[in-house]
1. Do the sum for the chain: with -39,500 (n - 2.57) for every DSSP H run of n ≥ 4, divided by all residues, what is the mean residue ellipticity at 222 nm, to the nearest 500 deg cm²/dmol?
2. Which residue, G182, G21, G81, tops the fluctuation ranking in a GNM of the chain built on C-alpha contacts under 10 Å?
3. Report, to one decimal in Å, the Kirkwood hydrodynamic radius for region 157-198 based on all distinct Cα pairs.
4. Which order, highest average first, do 109-120, 265-276 follow once you tally other Cβ atoms within 10 Å for each residue and take the mean per peptide?
5. If one takes the longest principal axis of the Cα atoms in the chain, at what angle in degrees, from 0 to 90 and to the nearest 10, does the Cα axis of helix 215-229 lie?
6. Would you kindly work out the equivalent ellipsoid of the chain from its C-alpha gyration tensor and give its semi-axes, the square roots of five times the eigenvalues, largest first in whole Å?
7. Averaging over all projection directions, find the projected area of the Cα convex hull of region 139-244 and quote it in nm² with one decimal place.
8. Using +1 on the beta carbon of Lys and Arg, -1 on that of Asp and Glu, and nothing else charged, what's the dipole of the chain about the Cα centre, debye to 20?
Amino acid sequence: MNDSVIRDVIEPFEGATIQHGPLNRRIYLIKLGAAEPAALCSSLEQLAKRNGYEKIFGKVPAAVGDMFLNAGFQREAAIPGFYQRREEAWFVAKYFSRDRQREDKAEEYENVLRVTEQKRQYPGQPTFEGFMIRPCVEADAKAMSHVYRTVFPSYPFPIDDPEYLVQTMRSHIDYFGVERKGKLIALSSAEMDVTEQNVEMTDFATLPAWRGRGLAFALLAHMEEAMRAKGMKTAYTIARAISPGMNITFARHAYQYGGRLINNTNISGSIESMNVWYKTL
């Protein structure tokens with residue numbers, strides 16, 4: 001990633017919160033908020049067509065899910081108890097491109113899930129001598145951005161931007177790092193929705209020289225403890241469907257598979273499908 005990369009924007013939209021732009025070539029309905037679902041569906045479609053986007057996807061309460069289905073959306077994944085452990089969330093999607101809706105690697109994705117389930121019962125065994133997990137602070141932002149730039153050629157959110165990291169630290173995201181000899185070598189984040197008591201476990205990155213030591217596994221265990229202490233009730237992630245590593249990490253922490261988001265996210269240089277995993281904390 002570099003500063004010349006075009007970034008998508010996050011902004012309010014008719015009472016909802018969305019992310020959209022040319023990087024992911026989609027609209028992401030992050031939070032429905034006070035928006036009226038039927039009217040919002042129409043406005044989102046107009047925005048998508050006006051900008052040539054290929055997909056709209058979003059998280060919505062199951063109670064209004066049928067309104068999205070009636071507007072031509074399909075349900076791709078679900079998380080029980082997403083809203084204050086009382087109501088399910090649906091991940092819904094609508095496509096404006098046949099290519100975007102076609103999964104050329106569907107068989108590979110299914111194989112990753114099979115391997116993940118086979119390895120679910122094997123314990124994670126981090127190699128942790130000489131490593132320390134700690135919360136990240138604003139002074140870490142530059143070093144964090146370097147790690148993210150090194151690991152990801154592209155990413156759906158601007159985590160390679162120190163200003164973005166600081167801004168989100170101050171609002172709703174807790175970042176965690178693995179430190180060795182004073183240097184950050186692995187990172188992750190917990191993006192909280194305090195009102196709805198859910199948290200996305202995301203932004204995992206380990207520098208190439210330190211992979212294979214179970215650092216993501218150790219980070220996730222640390223994050224779960226921290227999020228329970230903050231009152232989060234449901235944890236989830238959106239993991240690359242093609243990559244066994246993170247899927248296995250979450251399965252070994254007793255997360256359940258919630259569905260696959262088709263050709264959803266620009267990550268590591270291309271648009272990829274993503275698996276949803278969830279767990280009650």
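1. Estimated from H runs of four or more residues: -9000 deg cm²/dmol.
2. Per the Cα network of the chain with a 10 Å cutoff, G182 tops the list.
3. Hydrodynamic radius (Kirkwood, Cα pairs) of region 157-198 is 11.5 Å.
4. Numbers: 109-120: 15.2, 265-276: 19.5.
Packing order, densest peptide first, comes out as 265-276, 109-120.
5. 70
6. Sorted largest first and rounded, they come to 29, 21, 19 Å.
7. Numbers: hull surface 28.1 nm².
Computed as one quarter of the Cα hull surface, the answer is 7.0 nm².
8. Computed charge dipole of the chain: roughly 540 debye.
Each reported figure results from applying straightforward, stated rules to the coordinates on display, with no laboratory input. Note that the structure is predicted; figures quoted are calculated from it, not measured. All Cβ positions, glycine included, derive from the backbone under ideal geometry; neighbour counts span all protein chains shown.
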